[in-house]
Amino acid sequence: MTCCGPNRRRLLTALAVAAATPIVLPGSARAQADSLRATDLEVVTLTDTSAIITWTTLAADASGAPVPVEAGTEIRVAPADSAGPARTVPVTRTDRTPYHYAQIDGLEPGRRYRFEAWSDGVRAVPAPELVTHLPGAPECSGEFTTLVAPPGRLLRTLALCNDVHIGEETSGIIAAGLPPGVRQEPGLPPYPEVMLAAVLDDLRRPDRGADHLILAGDLTAEATPEQTRAVRNRLDAWGIEGRDWFAARGNHDRPHTGADYAACPAVTADHYDCWGESFLPPAQSTEHRLGGLRLIGLDTTELDGSGGSIGPEQFDRLRESLRRDPDRPTVVFGHHPVTAESGLTNLAGPNFVLNRSDALTLQQLYQSTPGVFFHHAGHTHRNRRTRPDIPLRVEFLEVGAVKEYPGGYTLLRLYEGGYMVNFYKTRTPDARRWSTRSRAEYLGLMPEYTLGSTADRNHVVLGDLSGLS
């Protein structure tokens, strides 16, 4: 492929065109003959033995507007160092669809492959966006390299997710109704329910094999009694709290004011906590043991507003827990990102993440607790790995939202000799359809902010986790 390396002016021009192009979904429109395009190519997931590639097929309707159209799904692969042509390989989904999801299994660890994605004789190409045109991006180079799993046995697999927003009706609004949001198509189920169901369906499949589900906040849109009960009932139908799934509160789940909440427990004279009635009261941390692994959930929310903090009592409990067993392998999760880098790079700025004082205190606690190796956050709706503010061997990872593009979760696979991180889009037909529709958020620039780099989504970290066995 030859799409690598366009200059910034050309890319920004293309992005402006993409942002102005309306997204038209299938209906009664009839596509023009010979107008098929295969676009939005993304190499989403790279493990040690598999790759997942997605794209969309469009054609022009009678007026010339692009409409999604069904087409075949074909992947051709060959080792990058081989001389022969790439050959068609089996993929997990072969249905004719506009929303292509091709999972290739049986690859060799640590090997570089060249690939091509095709639909009905048309080769798929990436959309005109910077994130898939970075130097070395597999979408541009036409090549990817599988990971090498850490040494030793696979011990446990955690599914990390966040930002479900059950009850939300319009996606992609930042403030005051702007930018214009995206709504579900008439007649289809609410998109937060579609996307949560798709996650829960995925995790029990043999090719995912998640042992536990971690939800780092914003399970609801506004923490009404109905929203809170709906998400709690859905999780209870899937598994047992404290064994199969674990949840922390997000800012959307915070106590609210008004008559709609008055039947829920009061936490101040005018704030009522419906989320806490079904899950945990405010400012409560949780601790669980999963074999030799310690899992700690933090409530980083404030009573009003979207920023994050941790109160003194919660810090005292956390400090005592870490002090008692500093070397135990530990994963921490909470809604708000922690690092200064996250504050400087998210769209809403430094006040959107954990406040600097609490963030530094938390990192200093980690510095004196060698067992802490991973911190999972949500809130920004993006896949992003950021650097700690002080010398630490702790990974700080933000995971893309469940509810919208890229629409998925991350698997944290724990081995005796380290861990592997992989982001997965959900794959039910309705989830693939909504994920494609919600690419239009942020005036069409949603992928630039939320997809993340290949390395943010897929990487291996070596370390001694043998104590988990």
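Applied to region 127-142, the Karplus parametrisation 6.51 cos²θ - 1.76 cosθ + 1.60 on θ = phi - 60° returns per-residue 3J(HN,Hα) values of 5, x, 9, 5, 4, 9, 10, 5, x, x, 4, x, 4, 8, 6, x Hz, with x for Gly and Pro. Computed with a 1.4 Å probe over protein heavy atoms only, the accessible area of Arg37 comes to about 120 Å². Please state the shape class of region 123-258: rounded when a/c is under 1.5, otherwise prolate if a/b exceeds b/c and oblate if not, all from the C-alpha gyration tensor. Judged from the Cα gyration tensor, region 123-258 comes out oblate (a/c at least 1.5, b/c at or above a/b). Heavy-atom accessible surface of Leu280, to the nearest 10 Å², is about 50 Å², with a 1.4 Å probe and all protein chains retained. Rounded to the nearest 20 debye, the dipole size of region 234-288 about its Cα centre is 100 debye, using +1 on the Cβ of Lys and Arg and -1 on the Cβ of Asp and Glu. Using a ≥ b ≥ c from the Cα gyration tensor of region 310-469 (square roots of the eigenvalues), is it rounded, prolate or oblate, where a/c under 1.5 gives rounded and otherwise the larger of a/b and b/c decides, a/b for prolate? It is oblate, given that a/c is not under 1.5 and a/b is not larger than b/c. Between the amide H of Leu290 and those of Leu295, distances stay under 5 Å, these residues lying 5 or more places away or on another chain, with hydrogens modeled in the peptide plane. Rounded to the nearest 20, the size of the Cβ-charge dipole of region 237-329 about its Cα centre is 500 debye, with Lys and Arg at +1 and Asp and Glu at -1. The helix-only estimate of mean residue ellipticity at 222 nm for the chain, built from DSSP H runs of length n ≥ 4 each weighted as -39500 (n - 2.57), is -6000 deg cm²/dmol after division by the residue total. Specify the inter-centroid distance of region 226-258 and region 393-430, based on alpha-carbon positions, in whole Å. So the separation of the two Cα centres works out to 20 Å. Axis angle, to the nearest 10 degrees, between helix 225-238 and the longest C-alpha principal axis of the chain: 70 degrees. Shown in residue order for region 78-90 are the 3J(HN,Hα) couplings computed by the Karplus curve 6.51 cos²θ - 1.76 cosθ + 1.60 at θ = phi - 60°: 8, x, 5, 8, 8, 8, x, x, 5, 10, 5, 10, x Hz (x for Gly and Pro).
Checking the a/c ratio against 1.5 first, then a/b against b/c, what shape does the Cα gyration tensor give for region 36-146? Prolate, since a/c reaches 1.5 and a/b exceeds b/c. Using Cβ point charges alone (K and R +1, D and E -1), the dipole size of the chain about the Cα centre works out to roughly 1180 debye.
With respect to the chain, whose longest principal axis is taken over its alpha-carbon atoms, helix 312-324 is tilted by about 90°.
Surface composition of region 36-146: carbon plus sulfur atoms contribute 53% of the solvent-accessible area (1.4 Å probe, protein chains only, all chains present). Average accessible surface for the chain: 40 Å² per residue, computed with a 1.4 Å probe over protein heavy atoms with every protein chain in place. Ordered from highest to lowest accessible area with the whole protein assembly present and a 1.4 Å probe, Tyr442, Tyr101 read as Tyr442, Tyr101.
If the chain linking Asn351 and Glu185 were pulled fully straight, counting 0.36 nm for each residue of separation and taking away their Cα-Cα distance, it would gain 56.3 nm. Taking the longest Cα principal axis of the chain as reference, the axis of helix 191-203 is set at about 90 degrees. Dividing the mean sequence gap of close Cα pairs (under 8 Å, 6+ apart) by how many residues the chain holds gives a relative contact order of 16 percent.
Under 5 Å from the amide H of Val372 lie the amide H atoms of Thr330, each residue being 5 or more positions distant or on a separate chain, with H modelled from the backbone and absent for Pro and chain starts.
Projecting each Cα onto the charge dipole of the chain (Lys/Arg +1, Asp/Glu -1 at the beta carbon, about the Cα centre), which of Leu203, Leu443, Ser35 comes out farthest on the positive side? Farthest towards the positive end: Ser35. Thr88 contributes about 90 Å² of solvent-accessible surface, heavy atoms of the protein only, 1.4 Å probe.
On full extension, the segment bounded by Asp207 and Asp95 gains 38.4 nm, given 0.36 nm per residue less the C-alpha separation. If the segment from Ser466 to Thr170 were pulled out straight at 0.36 nm per residue, it would be longer than the present Cα-Cα gap by 102.0 nm. Extending 7 Å from Cα along the Cβ direction at His288 and again at Arg387 yields two label points whose distance is 3.4 nm. Across the accessible surface of region 154-468, with the other protein chains kept in place and a 1.4 Å probe, carbon and sulfur atoms take up 53 percent. Between amide H atoms placed 1.01 Å from N, distances below 5 Å from Arg156 occur with Leu414, all of them 5 or more places distant or on a separate chain. Per-residue Karplus couplings for region 171-178, computed as 6.51 cos²θ - 1.76 cosθ + 1.60 with θ equal to phi - 60°, are listed in order as 10, x, 7, 8, 6, 6, x, 10 Hz, Gly and Pro entered as x.
The values are calculated or read from the model by the stated rules, or taken from the named source; none is laboratory data. Predicted, not measured: the structure shown is a model, and the values here were computed from it. We place every Cβ from the backbone using ideal geometry, glycine too, and count neighbours over all the protein chains shown. When the accessible area is computed, the model is the full protein with side chains, heavy atoms only, and any ligands, DNA or RNA have been set aside. Shrake-Rupley method; radii C 1.70, N 1.55, O 1.52, S 1.80 Å.
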